[in-house]
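Rule-based calculations on the coordinates, nothing more; no lab input. Quick caveat, the model's predicted, so the values are computed rather than measured. When we count neighbours, we look across all protein chains shown, and the Cβ atoms used for this are built from the backbone with ideal geometry, even at glycine.
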Amino acid sequence: MNYHAHLYFSDVTFGRAEGLRAELTERFGEQVRLFPLHAKAVGPHPVPSFGVAFTSPIVDDIRAWLKALAPEISGLLHPITADDQEAHTEYAEWYGNEQALRFDRLGERPHPTRDGLSLTRDPEQYPKHLDIDGYIIEDDAPIATVGLGTYYRDLERHASVLESCGIYDFTILDSERATQALELCLDFLERFTDAQDAIVHLSPSAEDSLSLFATCGFQSIGTSGDGSAQILALSLRER
């Protein structure tokens, strides 16, 4: 099972945020993935916050950590389910003061603060994937679209790999700028996420993209469980 925890800050406690992020990294290392720190309300979160993703083996440790921070700092822990609202209500565990989540904005994500890569969201585009956001890659004009998010082995929810980012449905809109589009995508992952690796599944119908990914440093690491796709990976730390 995969989980998210969110920590919420007031003007008084916001100065502790970076220290708590460092504490999570020092204590749990690659068992967690930190989401960006936001100094204002974002999506469903009504106050400054940041999130962290993790899996079942450390959920009790995270619970104890959140409990120790309360009530000074509010925390929310919830499992990842296909129903966002259900996850944030029926299965929500609050530590400290419960925040008034903006449920009408579930699924929204912030602009990644990087010129050339802006965010869009089509809730119908990825109905079978969890934790994946749709992006349009722009440089004066749209040059590609892509889904970025948690990497799931064979798209099974219980088999996520937190340290890796999945690249889904990379679609080129301007063939002459395909390499530029992929480099902008990778630059975003390297600079603004905690992902260590980027992974893409290429079906036989998409193998014409193989040379593009190879040009940007991706290497084959095998095939999907059902043999229907070739799996390519790139270490973002070695770019």
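Counted by neighbouring Cβ atoms within 10 Å, the residues Arg21, Arg191 run from fewest to most as Arg191, Arg21.
Once the C-beta distance of Ser211 and Glu190 is scaled by a Förster radius of 22 Å, the resulting FRET efficiency is 0.50 to the nearest 0.05.
The label point for Thr223 and the one for Leu106, both projected 7 Å from the Cα toward the Cβ, are 3.9 nm apart.
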